[in-house]
Each structure stands twice: as structure tokens, then as C-alpha cells.
Amino acid sequence: MKLLRRMLGRGLLALAVASPWAAPGHADEARKVLRFAFSSAETSFDPVKVNDLYSRTITPHIFEALYAYDALARPVKIRPLLAEAMPEVSADFKTWTVRLRRGIFFADDPAFQGKKRELVAQDFVYVFQRVFDPANKSPGLGELDSVGFVGFNIAHDEAVKSGKPFDYDRELPGIRALDRYTIRFTLNEPRPRLLETLAQSDLYGAIAREVVAFYGDKIDAHPVGTGPFRLKQWRRSSLIVLERSPDYREEHYQAEPAADDAEGQAILKRLKGRRLPMIDEVQVSIIDESQPRWLSFLNGQVDAMATQTGAVPVEFVNMAMPGGKLAPNLAKRGIVGRSIVNPDLGVSFFNMENPTVGGYTPEKIALRRAISLAYDVQREITIVRRGIGVRAQSPIVPHTSGYDPAFKSEMSDYDPARARALLDLYGYVDRDGDGYREMPDGSPLVLEMRTQPQQRSRDLDQVWKKMMDAVGIRIRFLTARWAENLKAARAGNLMMWQLGNSADKPDGQSALAAYYGPEIGGQNMARFKLPAFDRLYERLQALPDGPEREALFFEAKRLAVAYMPWKQHVHRVEIDLLQPWVVGYRRPLFWTEWWNSVDIDDSRRPAH
């Protein structure tokens, strides 16, 4: 799952005074430039180190994986990218063999000392080795470790125990280059859906070992891949500029929308056969505050308010699409609007190792369930999310396997009377008459929720405060920047936090990594450890799709609700707005690359 975030804004004045965008008709007149705004800042451009959605939107435009998602196919479809064809897979799903396309080259870079550098199979071996190198502290380690590449977890553990550098020259049976252009993945257990991992350009795109060696600890700022764009400029947390890579191979637009998909077929008819990428430059500014971002779009300085990195701010959804229809003033300008239920979750979690809210004994479970019952998700949707959102019933998100829109659980219940009864039953009562409850042993009961300084977080904090006050639970909020809260969460140094998670695969199991014991320090920020759940998770990995696997999803959802280490709040409904000159956009579901498959029609831009 990808982490979503919101951070403190810089304000409208800063945008007006120092806008990074050149006005059309000036320096960019002969170039097609897409101007976009992130709602939060990036962290790194080194794929092994990133987990946030914003960095993971930049990396797949520079790096490329073996496979990719079709831009228009719905239901989603995976096709070869750097691979020559679909993988050869053994009957037991334990051996996957992939052959590379020949004649693929990395973008020119000083690390290559003036020589053209062809992509080879060993480059992909290196990609996965880097995740298992303890020195990189990769947030993706838990997920790849659970895949079970033969020998890789042993090599990682040996490096940790010995304190010696990870041996990149040691051949491990789990991922091998059989020859210059052939890779074999060998797994401990069946993995029927490994293809989804091999289609993640944001995390597992090809990288050359000599580039990492050349730049050392500065590799974050020097991404060098085989992809359609390269990094032109980077002012951290302010501006990111990508430009078309002059070394990119000849690729042409292709897609397979369904025969009855009128919109997809129209896009395909317009763009089929066009050389990629169709735009010359992407300028991404970080505009944290909602109003400046909204005004930038209205003023034509932002070409798209789209995807989870920069959709229409919730404060303005009723201006953009009142009643679910595009506002007449926007429609008159030719702006296109679309809404979608995201494959994501707004969530909060309890640190299971925290002495106040953690633990597996009945009174601790009762406290977490009471807090959940006392929280009114519908109030959050109505007040904070302006009435748009779907109450979540489990960790599984829309558009993924295991999701059942008919599934109902206690997760979405608002029942303060039951909450009070549970608290009373297990000894969380007000002993001193101050209106707030104490712990069963008489010590103070105080919840500490981590939060961020921007308005959205303050609005959510107010909902929490009102709900907890109503059942006699004292809650206080500790404010820090999102990145600082993430660091504390991964280290287990906080009690509670509210954030968002987004699916990065069609398989619903990716959401369950948040409950899987070996993912502690990564996706499992709640630090939940339940052997029964871990066994269930591992069975889900090995089974092919079908009724038996669906039954396991149901059991996983039941355990998630019963122990309540995470409180699932809402599946967000978001609105994308596109200026009339943006051509070919369709919101990606589980992937983050789309700038490589859209065009800009500058003839439709207004004259300045």
C-alpha cells in the first residue's frame, strides 16, 4: 500500500510571487509542458527508499519495470514493458522466467563514462538485492520478504548478524540472470500473483549498479533509468521538473480498452500509434494548501487536478461538481470532470505495543473497540469530507480482490451507548468526578493522537475531540510534520495516528500487510502480532484466486475487526478536473505513471 499525506501549506502569496510556471507563449511556446501540483512534498527519488505516493509518482516516469498496466484497460490488464513477453510460469507458481527486450538503454549519465549502457538481466537482480540490503533500510523489505525469493531472506539476516556489507556479487537462487537477457525468479512457496510485483515501476524499475556506486549517498537526487523522462530540476519540497529523455527508445501509444468502453475507445482512436512520450516537460510544484492549488487550476496555471497526489481539494468539491455534475461555469470553459471511489482508505491505528491502547487481553481489545464505536465516521464524511466518501467496513479497498460492497461489520458502527457500556464493563470509569475516565488500575486514561498542522488535520482533530469527550475519554494531539510522524510510527514511538493508505496492486492482500507481523517497521505501523493472522496471510499468498481464497479474505476481515489494531474510516471519493487542452487522461488505479500517456493540445490554451 502507498502512504498518502497532507502537509503544511506555503500560502497563496508565495504562489503569486514566485510561481514556477512560465506563461504559455514565452519560453515554453515550442514545447509541450504539463503543469501539475502535488498536495504534499516528495521524499526521495531512489526507489529503494520511497513509500510515499508523491515520490512514487515521480519514479515510474524515470524507471521502468518488467511489466506495466495498460493505460485504458478496465478491468486492469498487465502487459510487457521491458520484458519481451509475458513470463513463463511453472505449474506450481514457484518458478517465473522472464526474457528482456534487447537494445534497451539507460539514459546517458556521467556514471557511464561516455558509453551507452544497455539494460541487462543482472540489473533487475540488483534492483531486488538493494531491497534486501540492510544498509538501505528499505520500507519495501517486509513485502518482498514475504514473497519468498529463495535465499534472499537468509542473505539479509546474515548481513544484519555479521554487520558486514551485503554481498552483491553472491549469486542467490531466488533471482538469477541465466544469461544477458534472461531472469529467473525462484520462490519458496507458490506465488500466483507475482506478476503484480513485477509491474511496479515506481519501486522495482531497472537501475544500474554503477550509477548507485557513482553517486553514493547522493543517489536520491540522481535517478537514472530507462524511462521516458529524466530529472531536469529539483528544489526539494518546492519544484520538480522532468524532461523528455533524449535517449528514450522509440515507443508508440498502444492500449486495449474494452469494446464497449466508449471513452477509452475514443482516446485510443485519437492517440494510437503516437510516439511516446507526447509531452516534452512536466513541471510539478508542491502547493500544500488547498486554496492556492484550486486557484492555480482556475487561473490555468495547473493543467490537471487529478490522481490522489493532486485531485480537487475536498473543500472545493461542491464548487467543482455540485450534486455530482460538473459546475456550469467549468463546463462552459471546456473543463472535464470525473469522480471515482478510490482504492484507498482513511485510517487510524493504535500502537499495539503501547501500554495504554495496545495489547491482546480482553480489556485492551474492549478499549479499542469502544473508541471505534464512539467515533462517528459519517460525521467525518459530512463535515470534513464535504459529504463525499464511502464508510469502510474492513481493510480491503474497492477495485481489489476480496472487496465485497455488501460486507458489513462493526467497523463503521457509531454507537456511543455501546462504547460507554464496554468501557464501564472493563473498568474504564470516572473515579475522580472530573468527567473523564481512568484506566482500570486508576491511572489516567489519556489518548495521544499524532497530527499535522494543516487545516484538514485540524478538522479531523475536532471530530475526534468531540467524539471522545462524549464518552468521557480525554484525548490530546501532538502536532508534527507528516514525515516526522511517519518516522515515529515506523519506530513504534507513538500511540495513535490518522493517515491514508492506497492500494498499489489489484490483489486485496496488499492491504492486509498492515496486519502481518513481519511487516512491523514497514506497512504494519500498528505493530500487530497475531500468529493466526500471519498463517492466514501466508495461505492467501500461496492460493490461486477462487472461492477458497475468498473465504480466507472473509476470515481476515473478521480478525481485523475483532482485534481493532486499525480503525478503517472511509474510502475516499475524489474528483479529477482536466483543462480542455489535456488529452488522453484516464485515472490510474494501482499505478502512478500517466504523464507518459497524455498529450497537450496547446491550440486550446487561452491566449495570454
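Every read-out reported here was derived from the displayed coordinates using simple, explicitly stated rules and does not represent laboratory data. Note that the structure is a prediction, hence the values are computed from the model and not measured. Ideal geometry is used to build each Cβ from the backbone, glycine not excepted, and the neighbour counts take in all protein chains shown.
Tabulated values for the structure
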{"read-out": "Sites R180 and A417 - FRET efficiency at Förster radius 51 Å, r taken between beta-carbons, to 0.05", "value": "0.15"}
{"read-out": "Check: region 481-608 dipole with +1 on Lys, Arg Cβ and -1 on Asp, Glu Cβ, in debye", "value": "540"}
{"read-out": "Proximal aspartates and glutamates to K32, defined as alpha-carbon separation beneath 13 angstrom and excluding residues fewer than eight positions away on the same chain", "value": "E243, D280, E281, D303, D599, D601, D602"}
{"read-out": "Extension gain (nm, one decimal) between K115 and A266, 0.36 nm per residue minus Cα-Cα", "value": "50.2 nm"}
{"read-out": "Distance between region 467-508 and region 217-287 - C-alpha centres, whole angstrom", "value": "33"}
{"read-out": "Amide proton proximity set for R474, modelled H, under 5 Å, gap of 5+", "value": "R437, L447"}
{"read-out": "Listed residues Q452, S412, L425: farthest to the positive end of the dipole of region 378-504 (Cβ charges)", "value": "Q452"}
{"read-out": "Spatially proximal lysines relative to K77 (Cα-Cα < 21 Å; intrachain offsets below 8 disregarded)", "value": "K2, K269, K272, K505"}
{"read-out": "Karplus 3J(HN,Hα) series, Hz, for region 173-188 with 6.51 cos²θ - 1.76 cosθ + 1.60 (x for Gly, Pro)", "value": "x, x, 9, 9, 8, 6, 7, 4, 10, 10, 10, 10, 9, 10, 10, 5"}
{"read-out": "K465 versus A85: modelled label distance in nm, points set 7 Å from Cα along the beta carbon direction", "value": "6.4"}
{"read-out": "Calculated from backbone phi, Karplus (6.51, -1.76, 1.60) coupling profile of region 567-584 in Hz, x at Gly/Pro", "value": "9, 7, 9, 8, 8, 6, 9, 10, 10, 9, 10, 10, 5, x, 8, 8, 10, x"}
{"read-out": "Listed peptides 485-493, 128-136 by packing density, highest first (mean Cβ within 10 Å)", "value": "128-136, 485-493"}
{"read-out": "Cut-off 15 Å (backbone N to label point 7 Å along Cα→Cβ of R209), residues of region 86-124", "value": "118-124"}
{"read-out": "Spatially proximal lysines relative to K218 (Cα-Cα < 19 Å; intrachain offsets below 8 disregarded)", "value": "K49, K137, K232"}
{"read-out": "About the Cα centre, charge dipole magnitude for the chain (Lys/Arg +1, Asp/Glu -1 at Cβ), debye", "value": "960"}
{"read-out": "Net length gained if the chain between L559 and D602 were fully extended (0.36 nm per residue, minus Cα distance)", "value": "10.1 nm"}
{"read-out": "Listed values (1) 90, 65, 48; (2) 110, 79, 44; (3) 75, 60, 47, entry calculated as Cα extents along the principal axes in Å", "value": "(3)"}
{"read-out": "Stokes-Einstein D (µm²/s) once Rh is taken as the Kirkwood radius of region 91-174 over alpha-carbon pairs, at 37 °C in 0.692 mPa s", "value": "222"}
{"read-out": "Cα Rg over Rh - region 41-196, Kirkwood", "value": "0.96"}
{"read-out": "Nearest-20 debye value, region 23-177 charge dipole, Cβ charges on Lys, Arg, Asp, Glu", "value": "340"}
{"read-out": "Sum of -39500 (n - 2.57) over DSSP H runs of 4+, divided by residues of the chain (222 nm, nearest 500)", "value": "-7500 deg cm²/dmol"}
{"read-out": "5 angstrom amide H check on A311, placed H, neighbours 5+ away", "value": "A306"}
{"read-out": "Positive-end extreme of charge dipole, the chain - chosen from I475, G225, I575 (charges on Cβ)", "value": "I575"}
{"read-out": "Gained length - F407 relative to F105, 0.36 nm times residue gap less alpha-carbon distance", "value": "103.9 nm"}
{"read-out": "Given charges at Cβ of Lys, Arg, Asp, Glu: the chain dipole, positive-most of L543, Y585, G148", "value": "Y585"}
{"read-out": "Burial order of peptide ranges 512-523, 325-336 (average beta-carbon count within 10 Å, highest first)", "value": "512-523, 325-336"}
